[in-house]
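Undergrad: Have a look at the structure that comes next, please.
Read-outs throughout are calculated quantities, based only on the coordinates presented, and are distinct from any laboratory measurement. Treat the numbers as computed from the prediction; the structure is a model and nothing was measured. Cβ sites come from the backbone with ideal geometry, for glycine too, and all protein chains shown count toward neighbours.
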Amino acid sequence: MCRQNLIKSLLCIVPVVGGLFLVDCPGASAQTVLRNICRIKGQEENVLRGMGLVVGLNGTGEANDASTMRALSRAMEIMGSPIPQTGLPGTGSQDELKKIKNVAMVWVTATVPATGARRGDKLDCYVSGINGKSLEGGRLAFAALQGPNTQDHSVYALAEGALHLEDPSQPLVATISGGCQMEEDVFTPFVQDGQITLVLDPSHANFQTANDIADGIRENFFQRERNAVQTLNAANIRVPIPQIYQKDPVEFVSILLEQKIYNPEPEARIVINQRTGSIVISGDVEIGDVVVSHKNIVVEAGEATKFTEIDPSRTNTAKLQSLVEALNSLKVPNEDAIEIIKGIERNGKLHGRLIME
């Protein structure tokens, strides 16, 4: 076995065989505006969903299926051409629907943006086959879409249009550009009882960041009423609408979300995507005293370790970036580097949160 000490250096991008290490530069500005790391409660996306029928298939639909026949029969009834339940051959009885192979049942969804939608707006919709072999060449005849609340049976939108298969290897999944037309208004109110609630995104939700944001809002808007701003938990901050903005809360929110926040990411993190082989490391991730033996490589880290200095002015704290560069200099395959980092984490020597994707 060859023995290698960590090479000490901080870097931003390190190419590796079979993948890429990305490391946050600690010298980069740790400042951003509030709207980049949070949203306003109430301003959420809503998903509309419903069942539909795709027609015009070239024999790739579902034949002799009871559910499809019932749906087709109901559709024809709505269109003014009801099918008799029984009848003589050739008279149009429901039994004859068994022969049809160019129809398939589908599940249709559309996403209303966080800002809401008005009647007449058109949205993209997504179609997933419930039965049949392929949706290629088909057209969604119609689908009535209801809201996210399953107890609410109101029809919020109607969908129809020609299907587009984005991936030929997934013939039962398709999209319709602008195929969903809103039939009802969907509003997303953001003021409740004269207050708004800031919701930090999952990547930034922690007590330190929430407290820093609340302090900044108090300093800028509520110096005489500091208790008015409430930090509910690590992700939610309740802010009252100031008196001068009571008649125009939109202006207040627009000003509030442009407030600058320092150090919005105090938590040290390592994000590994095993599918793509990418590794993203924040600059403050450290590792404890550890010796890693992997295949024909031995890597040692710790305060007592004798590092080879690239920049003598840097301190001797063992950083994960140093390990990254050492592995890169040894041309360690990316999958091996990932296993080494996971092993350090299992040993309790990785001083940061490891996120596997």
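Undergrad: Could you give the size of the charge dipole of the stretch 39-183 about its Cα centre, using +1 on the Cβ of each K and R and -1 on the Cβ of each D and E, expressed in debye and rounded to the nearest 20?
TA: Dipole of the stretch 39-183, to the nearest 20 debye: 120 debye.
Undergrad: In terms of modelled amide H atoms, which long-range or inter-chain residues lie less than 5 Å from the amide H of HIS351?
TA: GLU286, ILE287, GLY288
Undergrad: In nm, what is the difference between 0.36 nm times the number of residues separating LEU158 and ARG275 and their Cα-Cα distance?
TA: 38.4 nm
Undergrad: Can I ask one more? Would you kindly state how much longer the chain becomes between ASN58 and LYS98 on full extension, computed as 0.36 nm times their sequence separation minus their alpha carbon distance, in nm to one decimal? Show your work: numbers first, answer last.
TA: Values: separation 40, 0.36 × 40 = 14.40 nm, distance 1.57 nm.
That pair, ASN58 and LYS98, stretches by 12.8 nm at full extension.
Undergrad: Among ILE176, ALA110, ILE130, whose Cα sits farthest toward the positive end of the charge dipole of the stretch 34-182 (+1 at Cβ of Lys/Arg, -1 at Cβ of Asp/Glu, about the Cα centre)?
TA: Of ILE176, ALA110, ILE130, it is ALA110.
Undergrad: Dipole of the stretch 185-250, Cα-centred, from +1 at each Lys and Arg C-beta and -1 at each Asp and Glu C-beta, to the nearest 20 debye?
TA: Computed charge dipole of the stretch 185-250: roughly 200 debye.
Undergrad: Taking R0 as 56 Å, what's the FRET efficiency between GLU183 and ASP289 from their Cβ-Cβ distance, rounded to 0.05?
TA: After rounding, the FRET efficiency stands at 0.30.
Undergrad: Assuming R0 = 25 Å, what is the FRET efficiency of VAL33 and ALA228, from their Cβ-Cβ distance, to the nearest 0.05?
TA: So the FRET efficiency works out to roughly 0.70.
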